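Notes follow once the structure below has been shown.
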Amino acid sequence: MPSNVTNFTDVIRRTPRKLCRAVWESIPGPIVKTAPMRYTGKLIYRNFTRNVLRVQSHYTHFMRNPPLLDALASLLTDFDKGSTLRLASIGCSTGAELYSTLHVLRRARPDLTFLAQGVDISSAVVEIARRGIYRPDAPAAEDGLYQAGRAEVSSKDIDEFRGILETLPDGTLRVHEWLRENSSWWTADATDKSLLDVVGDQDIVLANNFMGPMEDPLAEACLRNIMRLVKPGGLLVVEGIDTDLKTRILMPSEFKPVLSRQEDIWTADPSKRGWPWVRWSYEPLDRNEEGWQFRYSVIFRRVSA
Ligand SMILES: C[S@@+](CC[C@H](N)C(=O)[O-])C[C@H]1O[C@@H](n2cnc3c(N)ncnc32)[C@H](O)[C@@H]1O
């Protein structure tokens with residue numbers, strides 16, 4: 001490492017993290033986007049953030065990334081009228097992701113039949129997903145394997161989610177029957193080779209926000225295992241995974257990035273903010289970056305067998 005870089009990393013190491021972050025966040029946005037600042041940000045992320053905090057949680061939210069769901073809906077034109085589409089959410093947590101996806105896709109293509117499956121390593125959250133009942137402002141995953149995280153739905157968002165949730169007499173919220181039908185839920189480990197036997201091959205696989213906290217070798221094995229689930233021509237959606245790792249594995253593979261709404265999708269989820277200080281944050285999108293098409297994409301299509 002050049003000595004000026006060593007000196008810089010030493011200064012950061014000796015300065016309290018909160019102070020460094022406060023200084024960084026006081027820098028105006030246009031300056032943060034310049035090449036030297038991006039370089040500095042990457043240095044900070046790789047040396048002080050990437051390996052410090054690897055915490056799994058069950059955090060999920062209804063309509064977590066609306067542009068992503070809209071982009072997926074626009075890709076349904078590839079499916080013939082009246083056909084059946086197989087969709088799986090791996091690391092589904094309490095089901096908000098799969099139900100939100102079904103809501104958007106089924107509204108976009110009411111003629112299609114969706115066979116949906118959710119898979120999670122925690123049987124407690126799988127049971128909650130199956131029931132599809134949530135309390136406003138309280139996370140449903142209280143007895144899960146990991147931290148529950150924040151609530152799936154807050155009381156101020158209830159009206160916005162009326163298309164997905166109905167209010168029961170006791171004030172809880174239940175996913176509409178038409179969204180729950182044709183969905184099944186399994187407890188399974190996404191790193192286990194038997195995953196393909198559990199869920200079978202799929203037209204769309206969502207694998208979001210659980211490979212980021214894994215150590216690199218496990219995350220790599222997990223992503224490769226999940227890639228096997230996608231049918232030729234099918235779609236893989238992969239968010240909340242280390243950006244370098246995702247790019248390294250997908251670039252030489254038969255998966256190609258889908259670029260429509262790339263930037264909207266990349267910036268939509270507020271939980272990805274805080275770069276370079278937050279482990280699961282996303283760096284700002286930069287089309288000068290080598291392999292940017294892969295680096296900043298979340299949707300990938302498997303182009304061949
Ligand atoms: C942060 S939640 C993400 C939920 C949802 N995919 C989303 O993006 O909103 C991560 C979920 O992945 C699950 N998970 C973690 N490791 C897993 C594994 N090896 N196999 C299956 N699920 C796993 C956790 O139990 C947790 O419920």
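Derivation of every value follows stated rules applied to the coordinates shown; laboratory data play no part. Remember, predicted model here, so these are calculated numbers, not experimental data. FYI the Cβ positions are ideal-geometry reconstructions off the backbone, even for glycines, and counts take in every protein chain you see.
A few notes on this one:
- With respect to being surrounded by 15 or more Cβ atoms within 10 Å (Cβ to Cβ), in contact (Cβ under 8 Å) with a residue 24 or more places away in the chain and among the hydroxyl-bearing types (Ser, Thr, Tyr), Ser122 fits the description.
This table checks each residue for (1) more than 25 Å from Ser304 (Cβ to Cβ); (2) part of a strand (DSSP E or B); (3) free of Cβ contacts under 8 Å to residues at least 40 places away in the same chain.
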position	(1), (2), (3)
Gly234	no, yes, no
Ile241	no, no, yes
Ser253	no, no, yes
Glu263	yes, no, yes
Thr267	yes, no, yes
Arg279	yes, no, no
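- Where Val198 falls short, out of the listed (1) in a helix (DSSP H, G or I); (2) within 11 Å of the ligand (Cβ to nearest atom); (3) in contact with a helix residue (DSSP H, G or I) (Cβ under 7 Å, 6 or more places away or on another chain): (3)
- Any hit, region 130-148, residues being touching a residue at least 40 places away in the same chain (Cβ under 8 Å), in a loop (DSSP other than H, G, I, E, B), crowded, with 17+ Cβ neighbours inside 10 Å and away from the ligand (no atom under 12 Å from the Cβ): yes
- Whichever residue in region 15-70 is under 24 Å from Leu236 (Cβ atoms) and in a helix (DSSP H, G or I) and, among such residues, is farthest from the ligand (Cβ to nearest atom): Asp70
- Scanning region 85-116 for residues that are assigned to a strand (DSSP E or B), away from the ligand (no atom under 12 Å from the Cβ) and surrounded by 23 or more Cβ atoms within 10 Å (Cβ to Cβ) yields Leu87, Ala116.
- Residue that is surrounded by the fewest Cβ atoms within 10 Å (Cβ to Cβ) [pool: residues in region 19-54 that are of a type in the set (Ser, Thr, Tyr) and under 20 Å from Asp244 (Cβ atoms)]: Tyr39
- Only residues that are within 30 Å of Leu145 (Cα to Cα) and aliphatic (A, V, I, L, M) were counted across region 18-62, and they come to 3.
- When residues of region 163-195 are limited to those that are of a type in the set (Gly, Ala, Ser) and over 27 Å from Ile241 (Cα atoms), the one nearest to the ligand (Cβ to nearest atom): Gly163
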